[in-house]
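Visitor: Input: one structure, supplied below.
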Amino acid sequence: MTTTFTEPGPSPALLLLGTRRDPLSERGVDCPGALPAASDPDLVARALAAKEALGERVFILGHHYQRDEVIQFADVTGDSFKLARDAAARPEAEFIVFCGVHFMAESADILTSDDQAVILPDMAAGCSMADMANINQVEDAWEQLAEAGIAHQTIPITYMNSTAAIKAFCGRHDGAVCTSSNAEVALRWAFDQVGGLDGTGKVLFLPDQHLGRNTAVRQLGLSLEDCVVFDPRKPLGGNTAQELQRARIILWKGHCSVHGRFRQENVEALRATVEGINILVHPECTYDVVSHADYVGSTEYIIKTVAASEPGSAWGIGTELNLVKRLALAHPDKSIHYLDDTVCFCSTMNRIDLPHLVWALESLVAGEVPNRIVVDPQTQAEAKIALDRMLALPAANPAKD
């Protein structure tokens, strides 16, 4: 590890970036087009000193979407569930510093021992998608499904990007958790619990409607008409009882504020501009986008696909920009393009910056445990049931979509 860090300037490797405002997107964005400058070298030295002082007592996790000034101090990098499992595999670490967002730190607390403290450097680092499904809304929705006569034949599946309370709900109601890489396997398992794909049973998919729809239609062979969206702000989610009874998958009205931005016209514009470009997107993107992409897969899949591709190949990538920047710099022999003309980072992920990390580490050195994430025992036990059901599923096949 180096003792200084210099934020890279604008890279010619990352093409077709813009700085527009786009208030008409699903949540509206106002992006400046660049990350804040890296913190001064004194903070880098302080982080190094604190980490060295803590030694094996601390284990730092860095999510792929995290900014580079923080990633340089991570002991491991990965997606949310991989990082939580990495933490569980390090029982000797007294402190788990999770450079990610709140629901990820909750998962780490569920999977680690009670003797380990999981720390989130900035408690404001949440997740807009996870926030779109709170437990009171989901409990109320379940009561409405019961009144419509279908709760008994519905299995809830929640995406990893959800709160511990939602995972616990799934644990209580015979459901499971899934990731973007094993969503197909999880949905097949869920349908098998209620009569199979050819039956009349249903899945309630939380909280990302796009991942649920893409998986159900493109991988399980259901139709768009088999899907309904449940808006928790409306009676019966904005559906009639008959529509819910006919549906096979009930999609919670939630989405990722970053992946929901990409549009079919972005894909078409890149294809018209860059000859032979491969479009590679995350399954949290809209159905129109994934339907016009060449490759669809999880964050880990995106990284591995670009790494394994031929020199000189061109890629239009639809995922969070910190990762796309990192891929462009790591693969200068390839043409890496961002699949949007407005630059937008995951704003909540970027709340974890170097000053917050230094503060957290130095607090630990001083004998204080800041921002500890603690999931209560009952929620933890019920959420672990849903996580264990996922872990018992067959391995996912990460083949090209």
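The values are calculated or read from the model by the stated rules, or taken from the named source; none is laboratory data. The structure displayed is predicted, hence computed values, not measured ones. All Cβ positions, even for glycine, are placed from backbone atoms using ideal geometry, and neighbour counts span all protein chains on display.
Visitor: What's the total number of residues in region 61-85 that are in a strand (DSSP E or B) and without any contact (Cβ under 8 Å) to a residue 60 or more places away in the chain?
Guide: The first filter runs over region 61-85 and keeps only residues in a strand (DSSP E or B), leaving 61-63, 76-78.
Next, from what is left, pick out any that are without any contact (Cβ under 8 Å) to a residue 60 or more places away in the chain: 61-62, 76-77.
Final tally of qualifying residues: 4.
Visitor: A follow-up question, please. Give the residue that is nearest to residue 386 (Cα to Cα), with candidates limited to residues of region 146-178 that are aliphatic (A, V, I, L, M), more than 22 Å from the chain's Cα centre (by Cα) and in a loop (DSSP other than H, G, I, E, B).
Guide: Looking at residues that are aliphatic (A, V, I, L, M), more than 22 Å from the chain's Cα centre (by Cα) and in a loop (DSSP other than H, G, I, E, B), I get 150.
Visitor: Tell me which of these residue 250 doesn't satisfy, since it passes every other one: (1) in contact with a helix residue (DSSP H, G or I) (Cβ under 9 Å, 6 or more places away or on another chain); (2) surrounded by fewer than 23 Cβ atoms within 10 Å (Cβ to Cβ).
Guide: Every condition holds for residue 250 apart from (2).
Visitor: Give region 195-207 a look and list any residue that's assigned to a loop (DSSP other than H, G, I, E, B) and either of a type outside the set (A, V, I, L, M, F, W, C) or crowded, with 18+ Cβ neighbours inside 10 Å (or both), or say none.
Guide: Result: 195, 196, 198, 199, 200, 201, 207.
Visitor: Another question, then. Please work out if residue 250 is more than 24 Å from residue 225 (Cα to Cα) and modelled with pLDDT of 95 or more.
Guide: Here the answer is no, as residue 250 does not meet what is asked.
Visitor: Also, quick follow-up: Just to be sure I understand, how many residues within region 86-96 are without any contact (Cβ under 8 Å) to a residue 40 or more places away in the chain and not in a helix (DSSP H, G or I)?
Guide: The qualifying residues number 7.
Visitor: Taking region 266-291 as the region of interest, how many residues are under 30 Å from residue 232 (Cα atoms) and surrounded by fewer than 23 Cβ atoms within 10 Å (Cβ to Cβ)?
Guide: If we filter region 266-291 for residues that are under 30 Å from residue 232 (Cα atoms), which is where we start, we get 281-291.
Within this subset, residues satisfying the condition of being surrounded by fewer than 23 Cβ atoms within 10 Å (Cβ to Cβ) are 286-288, 291.
Looking only at that region, the number is 4.
Visitor: In addition: Within the set of pairs 6+ apart or on separate chains, which have a first residue in region 353-379 that is assigned to a loop (DSSP other than H, G, I, E, B), a second that is surrounded by fewer than 18 Cβ atoms within 10 Å (Cβ to Cβ) and of a type in the set (Ser, Thr, Tyr), and C-beta atoms under 6 Å apart?
Guide: 370/363
Visitor: Given (1) assigned to a helix (DSSP H, G or I); (2) of a type outside the set (A, V, I, L, M, F, W, C); (3) over 23 Å from residue 167 (Cβ atoms), identify the lone condition not met by residue 215.
Guide: (3)
Visitor: Now a separate question. Out of curiosity, is residue 272 hydrophobic (A, V, I, L, M, F, W, C) and either touching a residue at least 24 places away in the same chain (Cβ under 8 Å) or outside the structural domain of residue 324 (by TED's automatic domain parsing) (or both)?
Guide: no
Visitor: Return a yes/no flag: does region 209-218 have any residue that is surrounded by fewer than 17 Cβ atoms within 10 Å (Cβ to Cβ), of a type outside the set (A, V, I, L, M, F, W, C) and modelled with pLDDT of 95 or more.
Guide: Yes, because at least one residue in region 209-218 is surrounded by fewer than 17 Cβ atoms within 10 Å (Cβ to Cβ), of a type outside the set (A, V, I, L, M, F, W, C) and modelled with pLDDT of 95 or more.
Visitor: Scan 304, 325 and give me the residue that is of a type in the set (D, E, K, R) and surrounded by 19 or more Cβ atoms within 10 Å (Cβ to Cβ).
Guide: Result of the check over 304, 325: 325.
Visitor: Can you tell me how many residues in region 102-125 are more than 22 Å from residue 391 (Cα to Cα) and either of a type in the set (A, V, I, L, M) or not assigned by TED's automatic domain parsing to the domain that holds residue 56 (or both)?
Guide: So the count comes out to 6.
Visitor: Another question, then. How about region 350-401: which of its residues are among the basic types (Lys, Arg) and either at pLDDT 90 or above or surrounded by fewer than 16 Cβ atoms within 10 Å (Cβ to Cβ) (or both)?
Guide: 372, 384, 389, 400 - these are the residues of region 350-401 that are among the basic types (Lys, Arg) and either at pLDDT 90 or above or surrounded by fewer than 16 Cβ atoms within 10 Å (Cβ to Cβ) (or both).
Visitor: In addition: Can you tell me which residues in region 88-102 are within 19 Å of the chain's Cα centre (by Cα) and surrounded by 24 or more Cβ atoms within 10 Å (Cβ to Cβ)?
Guide: Listed by number, the residues that qualify are 97, 98, 99, 100, 101.
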